[in-house]
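The values are calculated or read from the model by the stated rules, or taken from the named source; none is laboratory data. Only a predicted model underlies this, so the values are computations on that prediction, with no experimental measurement involved. Cβ coordinates were reconstructed from backbone atoms using ideal geometry, including for glycine residues, and neighbour counts include every protein chain displayed. Heads up: the accessible areas ignore ligands, DNA and RNA and are worked out on the full protein's heavy atoms, side chains in. Shrake-Rupley method; radii C 1.70, N 1.55, O 1.52, S 1.80 Å.
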Amino acid sequence: VFDNQLASQVVEHLWDDPDEFLDAGQSVSRDDFGAVSRVPVHAPQPNGHFENSAIGLMKRFNLRGILHTLTRVLLFTRGSRSWTYGREMLSAGIGTARPLAMVEDRLGPFRFRSFVLTDQVEGTPLPEFLANTALNSLELDRLAGQFARIWHTLGDLRIVHGAMHASNFVVTPQGKLNLINLDGTWRHWFDLT
């Protein structure tokens, strides 16, 4: 699936070979669990290069072994959770990276690796922001209020982030708090749970 704002040339590159698209980007991290690269999200120039292009983050989520694979092949992939919950959070007013595309390796109903492409959120991780920024009590209250709105909105939606620690919050240059890394997100289907 993909966002209609994503350039068709990028969609074609992504669909042809998501691994190649990821590898062609600037690697951010890579391990047995997956990989993250910065990649262009606008159409290439006439010469085929992506100069002056907006940057997105492309993530690949690998399965971790035979037992891990067998217990998850029928569940939502981490890529699909990032796509679904990212779009839902944006609709609910929670700042996060806009999901632009999602690809799954599938065999019928069985799901294996997945990829998600999102906008890159520009800003400073919350721990670094708090350590390096002198905030008066009004500014700190404003930041805490944003966190409280995110927390309550997630509660209203019955959404659990899965890794809600300070480094998964980014403060944008405009001072807006954004929640990132949604691949561990899931939903409670009942208020009781």
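Conditions (1) on the phi > 0 side of the Ramachandran plot; (2) open to solvent by less than 40 Å² (accessible area, probe 1.4 Å); (3) out of contact with any Cys (no Cβ under 7 Å at 6 or more places or on another chain); (4) at pLDDT below 95, marked per residue:
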position: 47; (1), (2), (3), (4): no, no, yes, yes
position: 50; (1), (2), (3), (4): no, no, yes, yes
position: 53; (1), (2), (3), (4): no, yes, yes, yes
position: 66; (1), (2), (3), (4): no, no, yes, yes
position: 70; (1), (2), (3), (4): no, no, yes, yes
position: 73; (1), (2), (3), (4): no, yes, yes, yes
position: 79; (1), (2), (3), (4): no, yes, yes, yes
position: 90; (1), (2), (3), (4): no, no, yes, no
**Complete:** All-but-one check, residue 129 against (1) of a type in the set (Phe, Trp, Tyr); (2) closer than 30 Å to residue 4 by Cα; (3) part of a helix (DSSP H, G or I), failing number (2)
**Request:** Confirm whether residue 86 is part of a helix (DSSP H, G or I) and among the small types (Gly, Ala, Ser).
**Result:** yes
**Asked** Among 186, 151, which is the only one that is in contact (Cβ under 8 Å) with a residue 60 or more places away in the chain and of a type outside the set (S, T, N, Q)?
**Response** 186
**Request:** Kindly check whether there is at least one residue in the stretch 143-165 that is more than 28 Å from residue 73 (Cβ to Cβ), polar (S, T, N, Q), open to solvent by less than 40 Å² (accessible area, probe 1.4 Å) and more than 19 Å from the chain's Cα centre (by Cα).
**Result:** yes
**Message:** Would you confirm whether or not the stretch 110-126 contains a residue that is assigned to a helix (DSSP H, G or I), within 24 Å of residue 187 (Cβ to Cβ) and of a type in the set (Asp, Glu)?
**Reply:** no
**Message:** Residue under question is residue 103, and the condition is that it be of a type in the set (Val, Ile, Thr) and either modelled with pLDDT of 90 or more or open to solvent by 80 Å² or more (accessible area, probe 1.4 Å) (or both); does it hold?
**Reply:** yes
